Amino acid sequence: MIDLMPTSEEQAAAIVRAHVETNRPLAICGGDTRSGFGNVVAAEDRLRSTRLSGIVAYNPGEMVMTVRSGTPLAEVEAALSEAGQMLAFEPMDHRPVMGRSGEPTIGGVFAANVSGPRRLIAGAARDSLLGVRFINGKGEVIKAGGRVMKNVTGLDLVKLIAGSYGTLGFLTEVTFRVPPRPKTECTVALSGLNDAEAANAMAAAMALPVEVSGAAHLPLTVTWKFLGGKLPEGEATVLRIEGLPGSVDVRVEKLAAAMSTFATVTRLEQPESRRLWQEIRDVLPYADGTLRPVWRVSVAPGTGHQLVAALRLEAGVDAFYDWQGGLVWLRMEAGPEAELVRRYIKALGGGHATLIRASAEARAVTSAFHPEPEAVAMLSRRVKEKFDPAGIFNPGKMG
């Protein structure tokens, strides 16, 4: 595959126009840290954003940052950390579980709508996105959104681009909100709950006025892989509190008192808490150097454990839960079992399953993205035709 790496938006637009004229498809790529994710792309040339790099505008007082799409995520996070701010949606690093190297880019984060444990209160990546610049499938430069949420011009277009995986356009610039970083954090860990009991405990915790910012359940099959095996013995149901030190202490005491009716409670202070949630975010237990299929399943929080229990009757499955049980990470011991996974999701009230990792052979015969209802699929096709009439951007990526 030939890498095409423009150094300006104009060069990128010219590359797109040239490929439209010759009807040559383009794979759209940033730091190449998610290769193998999604359906196989039928393209011999790859348009990469990595030389479109740098912070365009950042005033911490405005809590808004504008960055070129190929800027390394680490560079963005370093600048934010220095100013005491953060990406609220806590983007996952896919490299460990995908077995990839390279540097994730900020454009790739928004193109894939990458989010982590804090999503249950902060929303997804697209919820922080205010504005974009991108090149459409005609080689035209499009600007949508602005630097403040009040400016709703093109806001729906901004949300549409986020999570489109490069199938609608080539991102060149993104503008997003950057709230203050919490001064400290603490995690309350409950020991010994089974999956159903943990679902009830997490629901009770989220209903308390203590602002839980992370809620996950780690069964026995995975607990030993977190914090170097230093979590308390037994299953672990973990609940994060963030904020100012005095406030965190008071809220942790209230949470621990309420949760003591469910199980034995342990308190993890900031260093251990921060490491634990990074490992949950990056799906550490399944960063095992294999290509055993990994699914990212989104369902109603109360049904995640029911899905896993049903699947275990018919297939070899390992699992743990984030987002109060609404995000289920599944590792299959053999094949992806896509029909089985999606059939049970439908039976339990709906949701969606995305195949994150699998062998090349399995990917060739398995749809990575959850099938859309026909009405939605028709709308998606019409949107694709408007943005990319020649169909040159990431053909086949999303179906």
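What to note about this one:
- Its residue count N fixes a reference of 2.2 N^0.38 Å for segment 2-177, and the Cα radius of gyration divided by that reference is 0.98.
- With Rh defined as the Kirkwood radius, the inverse of the mean 1/r over Cα pairs, the Rg/Rh of segment 184-282 is 0.93.
- Cα point-scatterer Debye curve for segment 285-365, base-10 log of I(q)/I(0) at q = 0.13, 0.17 Å⁻¹: -0.34, -0.59
- Solvent exposure, largest accessible area first (probe 1.4 Å, DNA, RNA and ligands not counted), of 240, 312: 312, 240
- In the complete set of protein chains, residue-level accessible area for residue 264 is approximately 100 Å², probe 1.4 angstrom.
- Share of Cα-Cα pairs in segment 219-360 lying beyond 18 Å, as whole percent: 60
- Solvent-accessible area per residue for the chain (1.4 angstrom probe, square angstrom): 42
- Computed log₁₀ I(q)/I(0) - Debye formula, equal Cα scatterers, no solvent, the chain, q 0.09 Å⁻¹: -0.55
- The figure for residue 118 is an accessible area of roughly 20 square angstrom, using a 1.4 Å probe on the protein chains alone.
- Rolling a 1.4 Å probe across all protein chains gives residue 249 an accessible area of roughly 70 Å².
- Longest to shortest principal axis, alpha-carbon extents of segment 45-137, angstrom: 41, 29, 25
- Annotation: the antiparallel percentage among DSSP beta bridges lying fully within segment 2-177 is about 75.
- Projecting the Cα positions of 268, 299, 362 onto the charge dipole of segment 255-379 (unit charges on Cβ atoms of Lys, Arg, Asp and Glu, taken about the Cα centre) puts 268 furthest along the positive direction.
The values are calculated or read from the model by the stated rules, or taken from the named source; none is laboratory data. Just so it is clear, the model here is predicted, and its values are computed rather than measured. Note: ideal-geometry Cβ built from the backbone for every residue, glycine included; neighbour counts use all protein chains shown. These accessible areas exclude ligands, DNA and RNA; they are computed on the full protein's heavy atoms, side chains included. Shrake-Rupley method; radii C 1.70, N 1.55, O 1.52, S 1.80 Å.
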